[in-house]
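Beneath this line is the structure, given in structure tokens, with notes to follow.
The values are calculated or read from the model by the stated rules, or taken from the named source; none is laboratory data. What you are looking at is a predicted structure, and each value in this text was computed from that prediction instead of being measured. Note: ideal-geometry Cβ built from the backbone for every residue, glycine included; neighbour counts use all protein chains shown. Note: areas computed on protein heavy atoms with side chains; ligands, DNA, RNA excluded. Shrake-Rupley method; radii C 1.70, N 1.55, O 1.52, S 1.80 Å.
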Amino acid sequence: MRQRIGIIVTVVIVLGVLIAINAASYEGEDERQETELSPNRSTYHAGATGTRALYDFLSESGYPVMRWREVPAQLLADTRQRVQTFVIIGDTALSIDEDEAMSLLLWVERGGRLVLVDRRPQEQILPTSGGWVVATELGEFPSFAVNPGNVVEMTENAKPIQPVQPTLLTQNVESVMPSRFAATISFFRNNIERKGGAGPAAQTLEDNEEFGFGPPPTPEPVGPPAATDDQPTPLSLAPVVHLGDSRGALLVDYPLGNGRIVILSDPYIFSNGGLVLRDNLQLAINLLTTTEGLIAFDEYHQGKGTTRNALIGYFSGTPILPILGQLVALILVILWTTSRRFARPLPLKQIDRRSSLEFVASMAELQQRARAFDLAIENVYSRTRRVLARYAGMEYNSPRAEVAARVAARSSLESRPLEVLMRQCEEAINGAPVTERQSLQLVRRLRDVERALGLRMRARDARQAIQKV
């Protein structure tokens, strides 16, 4: 044990150093400097760029909300709880691939409502509607120098934006306060100049054809389509502007199949840092609760999907995982070093695993099966006769009568019974017929003689007697 104290102390010191290093180098997600270039828009995040405040407010206010942590294709499953509004906020950690975009848009066409809160939504989730193309344009590009938790820095040179028209989405909203990095939304028909006039953002007929928008559609008459008694007025497929200013639109929605897509071009309005400004909270409530049903916030593309291991996801962002990895590496190093040989091999101890009675038991069984009772008597009698001759002070080959007489003279035994016993044993050894019972009686009488004379057994016999007990 004393030889291993040094090893044990060394291991404890190394473990303490590893824990101290990990604890000192640990930097939690909330402690990192957040920027608008690398925001975390998750509803789990309580930092300035997160949206936890909005989610908690809706949940505590009684609105049906949930965090969606599965692939968008699960929205189409009939067995799942019906989701009415699906919200994607900001530039997500995981991009939306084509298959996911197709599943998401198919869900919208079946009557779902997709809310996109981003400055640059991905093109595959911005489909055309009746020939109308919707796009966003960045104003000021975000920088690392701006602190998203500082309202003054985030809203510098930004002005409140009022509703363009009274709609359900702008109900009870006087003005909203976007950030300085808010994008503008523009939309246009194929082969028609983009709404907002000429300039760098405008696209001509030739430009539209280069981008693959197709040939120009048949010109439609100005004004709403005429309605008849048998046919109601058809639903307009053009995007509707709800919030905007001279630079462009901030909030737009348009239909897709039986559903609608809502686009808000500044996630700062939904974020923890900007939710309390002006009527930003009221606008968020209008966007998410206009239609009844379950509201699902996309956490799958925020990196919180259920495809990850639950235990690893629980300890993600903590020093526990690095500590466990280093402990595993340390254990492997210890096992590798202890298994290496640093000197000549030592011979193994040769342990005799055989019992001293194994031979006796085997011989006894062999003699019993062969009915060799004379051999068994010989094994016992030869030793007893040698002991009696030594006790009488005579040679081993001395006549049994003289040996018996001399033993009787020196002990309490009678000469005649002892001589008869010796004769019967010798006759059985020389081939006289003897049964198993007779042989047992002869051996028992020989043992009685030894005990009567007080003859000590040999060490081997003593060990065998102890093992029998």
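For the stretch 250-284, a residue qualifies if it is crowded, with 19+ Cβ neighbours inside 10 Å and β-branched (V, I, T), and the qualifying residues are V252, I261, V262, I263, I269. Of the residues making up the stretch 178-190, those that are in contact with a strand residue (DSSP E or B) (Cβ under 8 Å, 6 or more places away or on another chain) and open to solvent by 20 Å² or more (accessible area, probe 1.4 Å) number 3.
Take the stretch 264-281 and flag every residue that is within 19 Å of V240 (Cβ to Cβ) and not in a loop (DSSP other than H, G, I, E, B). Once the filter is applied, which keeps residues that are within 19 Å of V240 (Cβ to Cβ) and not in a loop (DSSP other than H, G, I, E, B), the stretch 264-281 yields L264, I269. Return a yes/no flag: does the stretch 146-155 have any residue that is surrounded by fewer than 18 Cβ atoms within 10 Å (Cβ to Cβ), assigned to a loop (DSSP other than H, G, I, E, B) and in contact with a Pro (Cβ under 8 Å, 6 or more places away or on another chain). No - not one qualifying residue is present in the stretch 146-155.
Based on what the data block shows, is A405 surrounded by 11 or more Cβ atoms within 10 Å (Cβ to Cβ), in contact with an Asp or Glu (Cβ under 7 Å, 6 or more places away or on another chain), modelled with pLDDT of 85 or more and of a type in the set (A, V, I, L, M, F, W, C)? Explain how you work it out, then say what you get.
Working: surrounded by 11 or more Cβ atoms within 10 Å (Cβ to Cβ): yes; in contact with an Asp or Glu (Cβ under 7 Å, 6 or more places away or on another chain): no; modelled with pLDDT of 85 or more: yes; of a type in the set (A, V, I, L, M, F, W, C): yes.
No; evaluated as a whole, the condition is false for this residue.
Here's the yes/no breakdown for (1) modelled with pLDDT of 85 or more; (2) open to solvent by less than 50 Å² (accessible area, probe 1.4 Å):
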position: L288; (1), (2): yes, yes
position: D298; (1), (2): yes, yes
position: L311; (1), (2): no, no
position: G317; (1), (2): no, yes
position: L321; (1), (2): no, no
position: G325; (1), (2): no, yes
position: L332; (1), (2): no, no
position: L335; (1), (2): no, no
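When A135 is tested against (1) under 29 Å from S246 (Cβ atoms); (2) assigned to a loop (DSSP other than H, G, I, E, B), only condition (2) is not met.
Whether a residue is touching a residue at least 60 places away in the same chain (Cβ under 8 Å) and assigned to a loop (DSSP other than H, G, I, E, B) was assessed, and A182 passes this test.
Would you confirm, using the coordinates I've provided, whether L105 is more than 17 Å from S271 (Cα to Cα), open to solvent by 10 Å² or more (accessible area, probe 1.4 Å) and in a helix (DSSP H, G or I)? Reasoning before the result, please.
Numbers: more than 17 Å from S271 (Cα to Cα): yes; open to solvent by 10 Å² or more (accessible area, probe 1.4 Å): yes; in a helix (DSSP H, G or I): yes.
Judged against the criteria, L105 is a match.
Taken as a whole, the structure places Q282 among residues that are at pLDDT 90 or above and more than 40 Å from the chain's Cα centre (by Cα). Can you confirm whether N258 is polar (S, T, N, Q) and either within 37 Å of the chain's Cα centre (by Cα) or modelled with pLDDT of 95 or more (or both)? Against the criterion (polar (S, T, N, Q) and either within 37 Å of the chain's Cα centre (by Cα) or modelled with pLDDT of 95 or more (or both)), N258 does not qualify.
Condition (residue is assigned to a strand (DSSP E or B), open to solvent by 30 Å² or more (accessible area, probe 1.4 Å), out of contact with any Pro (no Cβ under 7 Å at 6 or more places or on another chain) and charged (D, E, K, R)) applied to the stretch 66-76: is it met by at least one residue? The answer is yes, given that some residue of the stretch 66-76 is assigned to a strand (DSSP E or B), open to solvent by 30 Å² or more (accessible area, probe 1.4 Å), out of contact with any Pro (no Cβ under 7 Å at 6 or more places or on another chain) and charged (D, E, K, R). Among the residues of the stretch 77-96, those identified as open to solvent by 50 Å² or more (accessible area, probe 1.4 Å) and under 26 Å from the mean Cα position of the chain (by Cα) are R80, A93, L94, S95. The set of residues in the stretch 156-166 that are crowded, with 16+ Cβ neighbours inside 10 Å and assigned to a loop (DSSP other than H, G, I, E, B) comprises A158, V164.
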